[in-house]
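Read-outs throughout are calculated quantities, based only on the coordinates presented, and are distinct from any laboratory measurement. Just so you know, these numbers come straight off a predicted model, no measurement behind them. Using ideal geometry, Cβ is built from the backbone for each residue, glycine included, and neighbour counts are taken over all protein chains shown.
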Amino acid sequence: MSRIKTGHFTPDGSTDIAIPIGFVPHWLRIDEVGNATNTNTIVWYKDQENDVTGDQAGSYLTGSTGVVTQLSDEAGVAAYSTKSEYPTVTSYTVSVSTAATARTATAPGTYVKPSSGNAQDRGSIYECVTAGTGSAEPTWPSEDGEQVTDGTTVFEKVNVSKKAIGYEGVLLDAAVMTDGQEMYYIAILADEDVDHGDTDGWSSGVDQNA
């Protein structure tokens, strides 16, 4: 699903900042608007981070001169993500079952889901309620509250919603910001991000794999 987000911030000019956009954009433009100078512009593509050659941190247009500078690695823009899902749900294996901890009055037990080779709905979540030793993947129950025994480990089907926690966005180096200037950005997450690679060898000038 594509997303577009605009925003504003005022840097202090001395520290790198992580802008919590809510996603890592495929394309980003930041305009630095000064009171008495021409607008400076930063442009960054996420795919630049996958380019193993050259500078990968975006480009910087100096408004007063029209000069475009390629920003060097770790001195411009970089993808930033601390996002993770909570709670942690692990695919079943015997070793996971054996290491599972049981639910207590103050903490949940280990959460597991059916293995990738199991026909059971792998969106279902099961919580360890009795720690023990796993034996073989059981036939998972389909109703919330039902329990199943795996060796001496006991799991219970639970209704647990997985939530995303943490932040996603971009990290902006202090060197490309000026203290007190107004910064406005537009960030775009595309429906599809295509790397056509080297066009050498395309048949009739067309990417046959697109």
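Going by a ≥ b ≥ c, the root eigenvalues of the Cα gyration tensor, does the stretch 84-163 fall in the rounded group (a/c under 1.5), the prolate group (a/b larger than b/c) or the oblate group?
Rounded is the answer for the stretch 84-163, as its axis ratio a/c remains below 1.5.
Could you grab the relative contact order for the stretch 1-88? Cα pairs under 8 Å, six or more apart, rounded to a whole percent.
On the way: 105 pairs, mean separation 17.6, N = 88.
Dividing the mean separation by the residue count of the stretch 1-88 yields 20 percent.
Calculate the translational D of the chain in whole µm² s⁻¹ from Stokes-Einstein, where the hydrodynamic radius comes from the Kirkwood formula applied to all Cα pairs, the temperature is 4 °C and the viscosity 1.567 mPa s.
61 µm²/s
Under 20 Å from the Cα of LYS163, which aspartates and glutamates turn up, not counting those fewer than eight places away in the same chain?
Of all the aspartates and glutamates, those that pass the test against LYS163 - Cα under 20 Å, at least 8 places apart if same chain - are GLU85, ASP121, GLU127, ASP144.
I'd like the FRET efficiency for SER161 and SER135, computed as 1/(1 + (r/R0)^6) with the beta carbon distance as r and R0 of 30 Å, rounded to 0.05.
Efficiency, rounded to the nearest 0.05: 0.50.
Using amide H atoms built 1.01 Å from N in the peptide plane, name the residues 5+ places from TYR167, or on other chains, whose amide H lies under 5 Å from its own.
When sequence neighbours closer than 5 places are left aside, the close amide H contacts are THR82, LYS83.
Which residue fluctuates most in the GNM of the chain (Cα springs below 10 Å): SER84, SER72, SER161?
Looking only at SER84, SER72, SER161, the biggest GNM fluctuation is shown by SER161.
Run the numbers on the chain and let me know its relative contact order in percent, using alpha-carbon pairs under 8 Å that are six or more apart.
Reported as a whole number, the value is 33 percent.
Using alpha carbon centroids, what distance separates the stretch 8-30 and the stretch 78-98, in Å?
Centre-to-centre (Cα) distance: 27 Å.
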